[in-house]
Structures are given as structure tokens and as C-alpha cells.
Amino acid sequence: MLPPALKWEDGALYLLDQRALPLETKYRICRDYEETAAAIEDMTVRGAPAIGVAAAYGLALAEREGEFAEAAKRLAATRPTAVNLFWAIKRMEETRAAHENEKNLTVLLEREAAKIHEEDVEINKSIGRYGAALLPDECAAITHCNAGALATAGYGTALGVFRAAAEAGKKLKIYADETRPRLQGASLTAYELMADGLDVTVITDSMAAFLMSRTKIDAVITGADRVAANGDAANKIGTYGLAIAAKHHGVPFYIAAPLSTFDADCPSGAEIPIEERAADEVRKIGGKYITPPDVKVWNPAFDVTPSELIAGIITERGVIRAPYKENIEKIFPGGNA
Ligand code: MRU
């Protein structure tokens, strides 16, 4: 059984330490907002929806500390790309504003965080059902990074599509890109799909194009960290190259993402802030240098796939197709607000 990425127990947030997986299963306990922010920053918890849920609980903890406003700022400064983080902070701020004069504000905010947590699982299941309908009964697919139960409140977005397809009796062969530099595909996607008894094969990122040239691949499905108003989608570094390879081989490339990942106020991918992480993530593997220790490194954590490479964006309300600008505008008339 796959352990949950997040648990709220006895007034504290328990985060499955994803840095230790798949070899060790241990939880880190966050009893205040600063511990929660640090855990998001160092990627104990990661994945766009999961960091949104963690931030919501962080704000519930902050209310108890009497530091809600400071916490909202601190949590918003942890990771810049996944818009779910800002979406969850805004939802908690709105809840607080609506109940500001009530005595049991701490309890109300804990409940709201738990609601965000529970809703995310249902949303993923709905994404799964819409996505599964796109796949043939015998399906070979590639995914990148980890957009699974570990990256969400449970079930997953891209991996939720595979779970739903398997539940519907479809026969799947899933290839997981290892996802350099942090290896979320090799360590997390492989682990979580194996835990569910799904057929998973790990490839290095550089093998995906060749795989498509040699094997019939029916779909590439990834998650997203932010979808702009024109359908451009930011996701883990390497996704863009995978989408180009998919286009070249005539393989449909799908994004699976909840509506909380859409930033209708962001006109295109060019405006999405891209997190750059520490150089040692690239210089080292398994704690050991694989490069000259002082070599220069560029380490963007995400890239942007232009919407013309995307065959469809699978959401909890159905599959959005081109023309993306018009179709996203229908869901978010006048922007996110
Ligand atoms: O840096 P990470 O591990 O947080 O990046 C995660 C991804 O890029 C996922 O694909 C994305 O957040 C979607 S998770 C459902």
C-alpha cells in the first residue's frame, strides 16, 4: 500500500519525506508554518497540488501561532512556479477574511485545509475518468516526473489517468522517464506504480525519443505546474523536449491537471516564473560529484510546453482542446479572480 503524501493528525502536519523514497518510508512532522515552508522548499513534499495542500495546512498552523499574514508571505516565497500554491493560499486568505471575527477561526481554517485536501482526491479521480477514456484498451504510454498520488492529495493527475484506465480493465505498459536532475520518475513514479501493481519500465530522459521511434506509443501524459491562459503549460524540466519528440512521432501529448493549476491571469508561458534550483542538484548524483565541483551549471526546475504541442488538457471538468485561449476563457471568464 502506498503511504499518503500528507496526513493531518493531532493538530500537526505529517509529510512523507519524498527525498528518502523509495528506500525509506518516514514522515516529517510540521508543527508550525516555518517547518511547513522549509519542507516545501527542500522538497520533502513536492508536486503542484501537494504543495498547495501543505501550504493550506501551514496557514492553519500559523493561525494558531497568531502569524497568519507573515505565514502567507513566507509560504508564497517557497517555490514560484506551481500556481496551486498561490491558489491554496488565496483560498485560505478568503476563508479567513469571511470569518475574521469568529472565535473558532483556528478550527475553521483547519477544516478548510482538510476540505482542500479531500477535494483534491475527488478532482483527481474525475481527471482520471476523462483521461482513461482517451486511451485504447491496450496502451503504451510515457510519463515524466511524478504526477501521481505522491504529488497530490492522493490518486494523482497523469498517474490518476493510468490508475483509472487500469481500473476500467485496460492493459497498460507505462514508461517512466527518470527525470534528471532530481529523479522523481525513477524514484517516485516507479515506486508508486509498482505499489499499485501497474506495469512500469524506467528509461532515462534521453531514451524517450528513440523509444517512440522503435515502439508504438499511444500517448504521452504528464502533469503541469501552471497552465497559462493560452494553454502553454509549465511542467518539470524535460517535458518540452518530450512533447517535441511526441509531435515528431505523431504521438498525442496530453497534460493532466486540475483547474487549480490554471493561471488565467498569465497570458502565455513566457510570463510563467521558472524556478532555478541549486547547481549541486546537477553536479551531484547520490551525494557524489559527477562533474568538476566548480563547473558552471544552469538548473531550471521547469520548462514550458507551447500549447500547439498539446493534444488536450485533461481536467476534472473534461478535456480542453484547441483553440485553448477561447476554451480556457469559457471556464475562467475575465481571469482567475
Ligand atoms: O519539482 P516538483 O517535483 O515539485 O515538480 C513536479 C512536477 O513537475 C509535476 O509534474 C507537477 O507538479 C504536477 S503534479 C500532479
- Task: Could you check the range 116-235 for strands (runs of 3 or more DSSP E) lying wholly inside it with 2 or more residues that are open to solvent by less than 10 Å² (accessible area, probe 1.4 Å)?
- Result: 138-143, 171-177, 219-222, 226-228
- Pull up the range 7-51, narrow it to residues that are within 21 Å of Asp120 (Cα to Cα), open to solvent by 10 Å² or more (accessible area, probe 1.4 Å) and of a type in the set (Gly, Ala, Ser), then point me to the one that is nearest to the ligand (Cβ to nearest atom). Gly47
- Message: With the requirement that a residue be among the small types (Gly, Ala, Ser) and in contact with a Lys or Arg (Cβ under 7 Å, 6 or more places away or on another chain), what does the range 84-131 give you?
- Response: Gly128
- Task: Please give the number of the condition Gly250 fails out of (1) free of Cβ contacts under 8 Å to residues at least 40 places away in the same chain; (2) not in a loop (DSSP other than H, G, I, E, B).
- Result: (2)
- Task: Just one of (1) open to solvent by less than 40 Å² (accessible area, probe 1.4 Å); (2) over 24 Å from Glu119 (Cβ atoms); (3) in a helix (DSSP H, G or I) trips up Gly241, so point out which.
- Result: (1)
- Message: Being open to solvent by 40 Å² or more (accessible area, probe 1.4 Å), modelled with pLDDT of 95 or more and not charged (D, E, K, R) is the filter here; which residues of the range 92-105 pass it?
- Response: Ala97, Ala98, His99
- Query: Is it the case that the range 10-20 has a residue that's of a type in the set (S, T, N, Q), over 15 Å from Glu110 (Cα atoms), assigned to a loop (DSSP other than H, G, I, E, B) and without any contact (Cβ under 8 Å) to a residue 60 or more places away in the chain?
  - Reply: no
- Message: Of everything in the range 64-91, what is out of contact with any Phe, Trp or Tyr (no Cβ under 6 Å at 6 or more places or on another chain) and open to solvent by less than 30 Å² (accessible area, probe 1.4 Å)? Give them in sequence order.
- Response: Phe68, Ala72, Leu75, Thr78, Arg79, Ala82, Val83, Asn84, Leu85, Ala88, Ile89
- Item | Residue pairs meeting the criteria (Cβ under 7 Å; at least 6 apart or on separate chains; first closer than 25 Å to Met43 by Cα, in the range 160-182; second basic (Lys, Arg) and surrounded by fewer than 20 Cβ atoms within 10 Å (Cβ to Cβ)) | Gly160/Lys125
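One line per residue, one yes/no per condition, for (1) within 16 Å of Gly223 (Cα to Cα); (2) of a type in the set (A, V, I, L, M, F, W, C); (3) within 11 Å of the ligand (Cβ to nearest atom):
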| position | (1), (2), (3) |
| --- | --- |
| Leu75 | no, yes, no |
| Ala82 | yes, yes, yes |
| Arg129 | yes, no, no |
| Ala153 | yes, yes, yes |
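The values are calculated or read from the model by the stated rules, or taken from the named source; none is laboratory data. Treat the numbers as computed from the prediction; the structure is a model and nothing was measured. FYI the Cβ positions are ideal-geometry reconstructions off the backbone, even for glycines, and counts take in every protein chain you see. Ligands, DNA and RNA are stripped out before the accessible areas are found, and what is left, the full protein with its side chains, is counted by its heavy atoms. Shrake-Rupley method; radii C 1.70, N 1.55, O 1.52, S 1.80 Å.
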